[in-house]
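A.B. asks: Before I ask anything, here is the structure I am working with.
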Amino acid sequence: MYSALQSAHSIFAYIVLSILFLAAINAIIGITSKKIFTTKDLRISLFALILSHFQLLLGFVLYFVSPLGSASLGNMDKAFRLTSLEHPLINIIAIALITIGWSKHKKEESNNGKFKKIGIFYTIGFLLILSRLPWANWLN
């Protein structure tokens, strides 16, 4: 079960990172070109939000069944610290920022304001996720 969950979490990460990148770039293009916020923009952003939350749920399950997760929390070796503390904590913060961006964009009246909220919060969330990926484990 552990290896299947780990594979699903790793494979799904590519999808989540791709759609988050697409949502952030779409918002930045919307800001710079002064576009109207359409249902297509809404769906891209919402899809990124939903997929990132689903990935977080997969990560929570994996965290509690993995020998690299909560079981190694007391070990302060660099590799264990990344997988048991830094990766989960930073990703929770990143997804919280993505959620805040989604919530704030709904309260905006202007198209530019909607794109700004999504662009700022989704980009910061995307960069935070990239900063704490366990690249050595992920690329093998």
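A.B. asks: Please list, in order along the stretch 111-126, the HN-Hα scalar couplings obtained from phi with the Karplus expression 6.51 cos²θ - 1.76 cosθ + 1.60 (θ = phi - 60°), rounded to whole Hz, x for Gly and Pro.
C.D. replies: For the stretch 111-126, the Karplus-derived couplings read 4, 5, x, 4, 5, 4, 4, 5, x, 5, 6, 5, 5, 4, x, 4 Hz, x marking Gly and Pro.
A.B. asks: In a solvent-free Debye calculation with one equal scatterer on each Cα, what is log10 I(q)/I(0) for the chain at q = 0.09, 0.20 Å⁻¹, listed in the order of the q values?
C.D. replies: The Debye formula, applied to the Cα set alone, gives -0.30, -1.08.
A.B. asks: Something else now. Net charge around Ser84, counting only other residues with Cβ within less than 14 Å of its Cβ (Lys, Arg = +1; Asp, Glu = -1)? Display every interim value, and only then the final one.
C.D. replies: On the way: positive: Lys78, Arg81, Arg132; negative: Asp77, Glu86.
Residues close to Ser84 contribute a combined charge of +1.
A.B. asks: What is the Cα centroid distance between the stretch 20-38 and the stretch 75-140, reported in whole angstrom?
C.D. replies: Each part's Cα centre sits 18 Å from the other's.
A.B. asks: Shifting gears a bit: For the ranges 77-87, 93-103, 6-16, what's the packing order if you count other beta-carbon atoms within 10 Å of each residue, average per peptide, and put the highest first? Let's see the in-between values first.
C.D. replies: Details: 77-87: 16.1, 93-103: 19.1, 6-16: 14.5.
The peptides rank, most packed first, as 93-103, 77-87, 6-16.
A.B. asks: Count the lysine pairs in the chain whose Cα atoms sit under 13 Å apart, keeping only pairs 8 or more residues apart in sequence or on different chains.
C.D. replies: 12
A.B. asks: Please check: in the Gaussian network model of the chain (C-alpha springs, under 10 Å), which one of Ser45, Ser33, Ser66 has the largest mean-square fluctuation.
C.D. replies: Per the Cα network of the chain with a 10 Å cutoff, Ser33 tops the list.
None of the figures in this text is laboratory data; all of them are computed from the coordinates on show. Not measured: the values here are computed from a predicted model. Quick reminder, even Gly has a Cβ in these numbers, built from the backbone with ideal geometry, and neighbours come from all protein chains shown.
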